Amino acid sequence: MRRATARAVAAVALALAGGFAAAETYRIDAQAAARAADGVVLGEFFSEIVSASGYASIRELAYGDAIRDGRYFAPEGLFDVLLPPLGSGRIDVYRAVTGRRRDGTVAVAHVRFRDQAGWLATVVATRIPDGYPRDARLLDEVERSQRALHSHLDAPAYQARRIEGPLGPALEVIVRNRIADPFFPYAAAKVADTSALESLSVNRFIVRGEVLLETGMVIPRPDGMSEAAFVAFAQSASDQFLSGLGRR
């Protein structure tokens, strides 16, 4: 726990050192992400089969093929990602599933990580169907769909903006007081009934070749942290998670 706390404090210091000027960008530091993920303990590995809608479970892979050396590998090389350093330093992997087309190829793959401290992190990779742009223009459609999904939320509870970084243009969606429910990130956000800032979700969408990548995190506010520092901390944590992605 002391290691996780120290890591969180270091992340806050890094975010504040960069100031809010960094809020318009995202940063990629794969070495820092690897250092942060070192020592993360994998708790349990879950998976589910949703056969009615054409999903196939990650159980098709041997356990050792899905997670090796602290890194999760999605089927067919859609992405790989470091196990994220969440709040407690011990994480569970759950709902690692793939959706397949009728011809058997993977159309979407996602994995979700959680821990006992209330953190939740996810990666969703979707092969872009024919007829859709395979560049930043696709983010216009993503932004419209996200706005429709969260139409029950007004600013400042819901914020969306374009940001830039080493992997190209991205859409960032932030929801205040989001609850880490089992349907994140697909369902409309459920938010806590409070005026105080208790949690933030940070989702980033990036187009990489034929794949739309989404990283998402739900982060509880650490005790004693100011709202401004927490926003910077959440964005820095999202940067770090994004830095652990492979298949770039």
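The values are calculated or read from the model by the stated rules, or taken from the named source; none is laboratory data. Treat the numbers as computed from the prediction; the structure is a model and nothing was measured. Note: ideal-geometry Cβ built from the backbone for every residue, glycine included; neighbour counts use all protein chains shown. Note: areas computed on protein heavy atoms with side chains; ligands, DNA, RNA excluded. Shrake-Rupley method; radii C 1.70, N 1.55, O 1.52, S 1.80 Å.
Scanning segment 190-230 for residues that are modelled with pLDDT of 95 or more, more than 30 Å from Pro75 (Cβ to Cβ) and of a type in the set (Val, Ile, Thr) yields a single hit, Val191. Is it the case that Val175 is among the aliphatic types (A, V, I, L, M) and modelled with pLDDT under 95? So Val175 does not fit the description; no.
Working only within segment 202-225, note down all residues that are assigned to a strand (DSSP E or B), aliphatic (A, V, I, L, M) and more than 15 Å from the chain's Cα centre (by Cα). Within segment 202-225, Val211 is the sole residue that qualifies. Would you say Arg204 is open to solvent by 30 Å² or more (accessible area, probe 1.4 Å) and within 20 Å of Ala136 (Cβ to Cβ)? When the stated conditions are applied, Arg204 does not pass them. Here Thr194 meets each of (1) surrounded by 13 or more Cβ atoms within 10 Å (Cβ to Cβ); (2) among the hydroxyl-bearing types (Ser, Thr, Tyr); (3) free of Cβ contacts under 8 Å to residues at least 40 places away in the same chain with one exception, condition (1). If we keep just the residues of segment 70-86 that are outside any helix (DSSP H, G or I) and of a type in the set (D, E, K, R), which is least open to solvent (accessible area, probe 1.4 Å)? Filtering first and then ranking leaves Asp80.
Within segment 94-119, restricting attention to residues that are touching a Leu at 6+ places or on another chain (Cβ under 8 Å) and farther than 26 Å from Glu210 by Cα, the residue that is surrounded by the most Cβ atoms within 10 Å (Cβ to Cβ) is Arg114.
Take segment 166-201 and flag every residue that is over 15 Å from His150 (Cβ atoms), part of a loop (DSSP other than H, G, I, E, B) and within 16 Å of the chain's Cα centre (by Cα). The answer is Leu167, Ala180, Pro182. For segment 121-142, the criterion of being acidic (Asp, Glu) and touching a Lys or Arg at 6+ places or on another chain (Cβ under 9 Å) is met by no residue.
Quickly run through segment 120-147 and pick out the residues that are closer than 27 Å to Phe233 by Cα, open to solvent by less than 30 Å² (accessible area, probe 1.4 Å) and not in a strand (DSSP E or B). Result: Leu139, Val142, Gln146. Mind listing whichever residues of segment 157-173 are open to solvent by less than 20 Å² (accessible area, probe 1.4 Å) and touching a Leu at 6+ places or on another chain (Cβ under 7 Å)? Within segment 157-173, Leu171 is the sole residue that qualifies. Would you say Ala228 is over 15 Å from the mean Cα position of the chain (by Cα) and assigned to a helix (DSSP H, G or I)? Here the answer is yes, as Ala228 does meet what is asked. The condition (being closer than 30 Å to Phe230 by Cβ and modelled with pLDDT of 75 or more) is satisfied by just one residue among Asp130, Asp29, Asp103, Asp69: Asp29. Determine whether segment 87-97 contains at least one residue that is over 28 Å from Gln31 (Cβ atoms) and either of a type in the set (S, T, N, Q) or not in a strand (DSSP E or B) (or both). No, segment 87-97 contains no residue that is over 28 Å from Gln31 (Cβ atoms) and either of a type in the set (S, T, N, Q) or not in a strand (DSSP E or B) (or both).
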